[in-house]
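Asker: Sharing a structure, written as C-alpha cells. Questions coming.
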Amino acid sequence: MEVDAGGGTVDLSAYAQVRKGADVSYTEITPAQCLFKGAIMVKRNAQAYVEARLRNSKYSERTEDIVDAFDKSTKLTFKNAKTPSYVKFGGISDNDAAYDVKSGKLVIQGSEVAKFFLPTITSISQAVLKQRKQAKSGISSIFLVGGFAASSFLYSQLRDSLAPLGLDVNKAVADGGVLYVVDHHVSARVARFTYGTDGARAYQKKDKEHRKRHQKAYFGTDGVKRVADCFFPIVDVGTQVTETQDFKVPFMQLHDQLGPFQRYTISAPIQVYRGEMHHPLWTDVDSNNFSVLCTVNADVTSAVVRLPPRRAADGHIYYQLNYDVVLLFGLTELKAQLRWLENGVERRTHAEVVYGDA
C-alpha cells in the first residue's frame, strides 16, 4: 500500500503484484482514498496553538513568523512527545518566561506538538485499516511516501500503531522510484464511487419500495406502468476495472408517432454516488450524495425513422429505440458514450471524458 502524504492531502492506494512469466504488473485491490489531512493541517493546528498562547504577549504580532519557522523545521524534526520543541523566531534578547519565550525561541512542550499531528495520524491509521478490510487480497506492507513522509514523528507513530496489527510500515521519502514503478505498471484499478444514470423501472406492485412511490408511477407509451426516481448503477464502488473493459446498462426511448421532418435525440446524465450505500437504486434516498458529472447526447434520427411499429396491449401503435449507456474506465480517466443499432449496424457516440472527482 502507498500512503502518499503531501502538503494538502494524504492519498492511499493499495495494489497486488501480478506476474505473468517475466512480466510484472500491479492491480489496485481497493478504492483509493483521499484525506484532507496533509501537512497543512499540522501547521493550522500549530497556528491555533501559537495564536492562543501568545495572544496577550508582546509577541502576538510575531505569530506568523513563529508558525512559518515551525512549519519549515520543527514539524519535520519533531520526534517524540517527551521532548520540548524550540521554535526559533527572534534574537537572544527576546525573552518572556511567562509565555515560554527564551532567547528568541518559543518553547512548546512535546505533548502539545504531538496534538498537532494527532488528527492526521488517526485519520491515516483508520483509512489504512479500512482499506485492508475492503481489499480483495491481503495487505502486509505500507510505503509512506511524499514530502510529509519526512516527518519522523508521523512515521514513528504510524509504525507503532500499525505494526501490532501485522502491517510493516516503511518510509520512502524519495518516492519517485516507488510511484513510477507502480503507476507505470498498473493493469487494473478499483472504482472509488458508484457510477450510473437515472430513469424509470417497470412498476412492481409486490415491491414495497415501488409501493412507497406509487404517486410517482405513470404509464408509458407502450402501456407499461413505471416508477420514476430510479438509479441504474453501471459500476459499483469497489469494482475492479481494466483499460479494456466497458460497462453498460440498457435503456429504451418510446414514441407514439414519428414525424417525417422531426429530429430525435437521446440523452443520459452520468451520475456519481459518493455515499455509504453499496448498490443505490433510488435517487431520492441519500439524494445529497448524488451529483451529475456530465450529460451524453446523441442524434438518433436516422435510427428512429427506421423503427418498426409495435402494438401495445390496448392496441395502439408505438415505436421503441433500444440503446445502452456505456462507461469506459481507462486507468487515468472515465469516459461515457451512448450505443444503439441503426438498421442492424452498431452506432455509438464519441467517448466523452467525464470530468469531476471520478
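Asker: How many nm separate the modelled label positions at A98 and R310, each set 7 Å beyond the Cα in the direction of the Cβ?
Answerer: Once both label points are built, they end up 8.5 nm from each other.
Asker: Just the C-alpha atoms of the chain: what Rg/Rh do they give, with Rh taken as the Kirkwood radius? Please list the in-between numbers first.
Answerer: Numbers: Rg = 28.5 Å, Rh = 24.8 Å.
Radius of gyration over Kirkwood radius for the chain works out to 1.15.
Asker: Follow-up. For R55 and E209, what is the calculated FRET efficiency with R₀ set at 51 Å and r taken between the beta-carbons, to the nearest 0.05?
Answerer: Values: r = 56 Å, r/R0 = 1.10.
Once rounded, the FRET efficiency stands at 0.35.
Asker: Tell me which residues come under 5 Å, amide H to amide H, from N170 once H is placed; ignore anything under 5 positions away on its chain.
Answerer: Sorted by chain and number, the residues that satisfy this are I142, F143, L144.
Asker: Now for a different question. For the chain, what does the relative contact order come out to in percent, with C-alpha contacts under 8 Å and a separation of six or more?
Answerer: On the way: 702 pairs, mean separation 48.5, N = 358.
About 14 percent, as a whole number.
Asker: So for the pair D160, K216, with labels modelled 7 Å out along Cα→Cβ, what separation do we get in nm?
Answerer: Simple spin-label model gives 5.2 nm for this pair.
Asker: Would you kindly state how much longer the chain becomes between A16 and N297 on full extension, computed as 0.36 nm times their sequence separation minus their alpha carbon distance, in nm to one decimal? Let's see the in-between values first.
Answerer: Values: separation 281, 0.36 × 281 = 101.16 nm, distance 3.78 nm.
The A16-N297 span can extend by a further 97.4 nm.
Asker: Would you mind ranking T301, T197 so that the residue whose beta carbon has the fewest other beta carbons within 10 Å leads the list? All intermediate terms of the calculation are to be shown ahead of the outcome.
Answerer: Working: T301 15, T197 23.
Ascending number of Cβ neighbours within 10 Å: T301, T197.
Asker: How would S103, S85 line up from fewest to most surrounding beta-carbon atoms within 10 angstrom?
Answerer: Least crowded to most crowded, the residues run S103, S85.
Asker: Another question, if that's okay. Using the structure shown, list the pairs from K58/K102; K58/K82; K75/K171; K37/K248; K58/K88 with a Cα-Cα distance above 25 Å, or answer none.
Answerer: Values: K58/K102 14 Å; K58/K82 28 Å; K75/K171 17 Å; K37/K248 36 Å; K58/K88 16 Å.
Result: K58/K82; K37/K248 exceed 25 Å.
Asker: Calculate the all-directions average of the projected area of the range 193-353's alpha-carbon convex hull, and give it in nm². Could the numbers behind the result be given before it?
Answerer: On the way: hull surface 43.5 nm².
Hull-based average projected area comes out at 10.9 nm².
Asker: What is the dipole size for the chain, taken about its Cα centre, with +1 at each Lys and Arg Cβ and -1 at each Asp and Glu Cβ, in debye to the nearest 20?
Answerer: Numbers: 45 positive and 39 negative charges, 176 e Å.
Dipole of the chain, to the nearest 20 debye: 840 debye.
Asker: Something else: Largest first, please: the extent of the C-alpha atoms of the range 38-189 along each principal axis, to the nearest Å.
Answerer: Sorted largest first, the three principal extents are 60, 29, 20 Å.
Asker: Top mean-square fluctuation among S125, S302, S152, Gaussian network model of the chain, C-alpha springs under 10 Å?
Answerer: Among S125, S302, S152, the largest mean-square fluctuation in the Gaussian network model of the chain belongs to S302.
Asker: Would you mind computing, in nm to one decimal, how far apart the modelled labels at D168 and D65 are, each placed 7 Å from Cα along Cα→Cβ?
Answerer: Using points 7 Å along Cα→Cβ, the separation is 4.8 nm.
Asker: Also, I was wondering about something else. Below 8 Å, C-alpha to C-alpha, sequence gap of six or more: please give me the relative contact order for the range 252-358 in percent.
Answerer: Working: 173 pairs, mean separation 28.3, N = 107.
Here the relative contact order equals 26 percent.
Asker: Separate question: Straight-line reach only, C-alpha to C-alpha below 18 angstrom: list the lysines that K208 could link to, leaving out same-chain residues fewer than 8 apart.
Answerer: Cross-link targets: K216, K225.
Asker: Quick one: Karplus J couplings for the range 309-314, per residue in order, coefficients 6.51, -1.76, 1.60, θ = phi - 60°, nearest Hz, x for Gly and Pro?
Answerer: 3J(HN,Hα) across the range 309-314, in whole Hz: x, 10, 10, 6, 4, 8.
Computed from the coordinates by the stated procedures, all read-outs in this text should not be read as laboratory data. Since we're looking at a predicted model, the values are computed, not measured. Here Cβ is always computed from backbone atoms with ideal geometry, including for glycine, and neighbour counts include all displayed protein chains.
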